[in-house]
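Engineer: Starting off with a structure, shown below.
The values are calculated or read from the model by the stated rules, or taken from the named source; none is laboratory data. Everything numeric here is computed off the predicted structure, so don't read it as measured data. We place every Cβ from the backbone using ideal geometry, glycine too, and count neighbours over all the protein chains shown.
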Amino acid sequence: MNIDRRKFVGRSVAGVAGMLAGSHLKGMVVPGRRKEEQEDDFSSGLQQYDLMKEVMKYRKIDAHAHIYWTKDSPETQLNYGRRLGIEKQVISRYLDVMPGTPEQFRKFNDLTIKAIKQYPGQLLGGFVLNPAYKQESLDEIKRCTDAGMIGPGELYYQVKINDPKYYPIIEKLIDLKMIIHSHAECQLGVGGYRMKYNGHKEPNTSIPEDFVDIAKRYPEGIFQFAHIGMGGDWEYECKMFRDYPNIYVDTSGSNNAENMIDFAVEHLGEDRLFFASDNSYYQGVGKILASNLTEAQKKKVFFDNYNNLLKKGGRGVD
Amino acid sequence: MLIDINAYVGHWPFMQLKYNNCASLVERMNKFGVELSVISNLNGIFYKNTQSANRELYEELKSLGKNRKRFIPFGVINPIYAGWQYDLKECVEKFGMKGFRVYPKYHDYEITDPSLIELVKSVRDMNLPVAFNYKMVDSRQRSWMDIDYVAYTLKPEWSLKNIFPIIKAVPDAKYMILNVTNSMQLDEADAALFNKANVLMDTSGRTLNSLGDLLKTQGKERFAFGTHSPILDYLTGMLRIEALRASEADASVKELLRSGNAKKFLEL
């Protein structure tokens, strides 16, 4: 066996120290070893880490990204993607207007259609709609699917995901074997658990309990809970979804809390996470690489989990 | 070589943290190739008498053996608490602290409080830096028991405008501004003064997503690698540097960001 003994011992001691992490190591000496030996081992442990090599090692589909009305879009988003080895970005222009009329969502989807036509190799399109307009939404699904979109982009806050108005839309999306992706907040406020600041959130924004409700009604549906890193309480969200295997979470958002990914895998399993950025590209990649997931698990999260579901609808990436 | 200018040990009262002591942080540093870390004790934010936290850190570092050399300890001082002047001296002379962190929001004083000004001047006279940050945790998921500077409310998270008054009051001190997550906008006169100040910002905050552009406007010597570990993940701050293109930062500039600027600023 070709193992450098010194490195092996050093890593082992470091591992023991890590296991004792919660025990306040003041003056603590690993049993059976002289303190001087440990000091030597600790100082020999620095390893070379080529971050960009790790970044580029994994194929990536960004399951939640956006384009904007600005002139630099989608080039700016594509530039981040090239920088970080993101092969495909699932983009949408989320419907951040009220009331979200058919005219409005068609206009928003036109922007996405234009972008995916321009960059068919790098962008996958997600459409938006408003279930308050049932027939127009069903018509829009057909129009956008015919234009090459892969499913809904981030559906927004006009109607809660478990509202009966959504049922015919969800049934259509299930027929088409599409991933049902919706914006969500942990609670309708800001300021954390038991929020007391309204934060000007729209009252029909979906929350984890709404996802659970709809996932129970449609166990054959595939639901994507948006951005566990958007600032909601990700521990709460992951614990809420533990027993609902048809709820997947995307890892996007500007918050890159340490341990978020490990916690999510612990509670949801390695198959129910999608790598995503919500345009916070560095945080999106960094939090997964910093996790303790194995190489095989990272491969799943960065690419395979999402692609395997796309394949079910015949929309997989080769 | 990598030097992390923004790491912590200790506890956050509202959420369990991983890798939050020196031994587990060393593992993290070893795994990801980080040679040195500036650390302070999170407990100092919550203890009324911050010196207890500084002593904890000192004791923990003592227990590390040779690995204590991997850390550059910063003390936490509350300048409106009795005896801080003694604490400051003890931190430097006995505990070997190389700088100080202050938390005006958590310790509930204004950025222009005369006590803070006195503290910053004292630290300046020791030729040491004083570190401020925009925020500790994302306010959107804070505990209801945490401070009430909350995004999207009338009392929002801090931006550079909230920190700048102390720089204006003591323009010749050395400042670290960490976890830069909101606006860096200042009016023209203040921006000119800020640009002249001796400031080092770390790469842990999300505003640094545009580091390539910031290098053009702020210069190549005002940024350094930082993690905000263990609250934020260990690699995103590093990624903002390593993913820079050659047209944005050549090899020499990347070395400045990895360790050169930190070495110069901290006089290592």
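Engineer: What tally of residues in the range A:278-297 results from selecting those that are over 22 Å from A:Tyr94 (Cβ atoms) and part of a loop (DSSP other than H, G, I, E, B)?
Structural biologist: Final tally of qualifying residues: 5.
Engineer: Residue check, B:Pro165 against (1) in contact (Cβ under 8 Å) with a residue 40 or more places away in the chain; (2) touching a Leu at 6+ places or on another chain (Cβ under 6 Å), all met but one. Which one?
Structural biologist: Status for B:Pro165: all satisfied but (2).
Engineer: Let me ask something additional. Residue check: is A:Val249 closer than 23 Å to B:Phe32 by Cα, of a type in the set (Val, Ile, Thr) and either part of a helix (DSSP H, G or I) or within 15 Å of the chain's Cα centre (by Cα) (or both)? Steps first, please.
Structural biologist: Numbers: closer than 23 Å to B:Phe32 by Cα: no; of a type in the set (Val, Ile, Thr): yes; either part of a helix (DSSP H, G or I) or within 15 Å of the chain's Cα centre (by Cα) (or both): yes.
No: the conditions fail for A:Val249.
Engineer: Related question: Any idea which residue in the range A:252-277 is nearest to A:Asn292 (Cα to Cα), counting only those that are among the hydrophobic types (A, V, I, L, M, F, W, C) and in a loop (DSSP other than H, G, I, E, B)?
Structural biologist: Start the filter on the range A:252-277 by keeping residues that are among the hydrophobic types (A, V, I, L, M, F, W, C), which leaves A:257, A:260-261, A:263-265, A:268, A:273-276.
In the following step, the residues that additionally are in a loop (DSSP other than H, G, I, E, B) were identified as A:275-276.
Working: A:Phe275: 15, A:Ala276: 18 Å.
Among those residues, the one meeting the criterion is A:Phe275.
Engineer: Further question on the same structure: So if I check each of B:Lys31, B:Lys48, which one is charged (D, E, K, R), within 21 Å of B:Thr203 (Cα to Cα) and either surrounded by fewer than 20 Cβ atoms within 10 Å (Cβ to Cβ) or modelled with pLDDT of 95 or more (or both)?
Structural biologist: Values: B:Lys48 fails: within 21 Å of B:Thr203 (Cα to Cα).
Unique residue meeting the criteria: B:Lys31.
Engineer: Take the residues in the range A:199-237 that are among the charged types (D, E, K, R) and not in a helix (DSSP H, G or I); name whichever of them is farthest from B:Arg140 (Cα to Cα).
Structural biologist: A:Glu220
Engineer: Can you find, within the range B:226-253, the residue that is nearest to A:Asn256 (Cα to Cα) among those that are surrounded by 18 or more Cβ atoms within 10 Å (Cβ to Cβ) and away from every other protein chain (no Cβ under 11 Å)?
Structural biologist: Of all residues in the range B:226-253, those surrounded by 18 or more Cβ atoms within 10 Å (Cβ to Cβ) come to B:226-244, B:249, B:253.
Okay, now just the ones that are also away from every other protein chain (no Cβ under 11 Å), so B:226, B:249, B:253.
On the way: B:Gly226: 14, B:Ala249: 24, B:Val253: 26 Å.
So, considering only residues that are surrounded by 18 or more Cβ atoms within 10 Å (Cβ to Cβ) and away from every other protein chain (no Cβ under 11 Å), the one nearest to A:Asn256 (Cα to Cα) is B:Gly226.
Engineer: With (1) closer than 20 Å to A:Ala215 by Cα; (2) surrounded by fewer than 24 Cβ atoms within 10 Å (Cβ to Cβ); (3) acidic (Asp, Glu) as the list, and A:Asp250 as the residue in question, which single condition is left unmet?
Structural biologist: (2)
Engineer: Does B:Ile111 qualify as being on the phi < 0 side of the Ramachandran plot and either surrounded by 19 or more Cβ atoms within 10 Å (Cβ to Cβ) or free of Cβ contacts under 8 Å to residues at least 40 places away in the same chain (or both)? Talk me through it step by step, then tell me what you get.
Structural biologist: Values: on the phi < 0 side of the Ramachandran plot: yes; either surrounded by 19 or more Cβ atoms within 10 Å (Cβ to Cβ) or free of Cβ contacts under 8 Å to residues at least 40 places away in the same chain (or both): yes.
For B:Ile111, the condition - on the phi < 0 side of the Ramachandran plot and either surrounded by 19 or more Cβ atoms within 10 Å (Cβ to Cβ) or free of Cβ contacts under 8 Å to residues at least 40 places away in the same chain (or both) - is met.
Engineer: Quickly run through the range A:286-303 and pick out the residues that are within 13 Å of the chain's Cα centre (by Cα) and either farther than 24 Å from A:Ile222 by Cα or free of Cβ contacts under 8 Å to residues at least 24 places away in the same chain (or both).
Structural biologist: Across the range A:286-303, the qualifying residues are A:Gly286, A:Lys287.
Engineer: Let me ask something else about it. Pick from A:Tyr281, A:Tyr306: which is of a type in the set (Ser, Thr, Tyr) and more than 14 Å from chain B (Cβ to nearest Cβ)?
Structural biologist: Working: A:Tyr281 fails: more than 14 Å from chain B (Cβ to nearest Cβ).
Going through A:Tyr281, A:Tyr306 in turn, just one is of a type in the set (Ser, Thr, Tyr) and more than 14 Å from chain B (Cβ to nearest Cβ): A:Tyr306.
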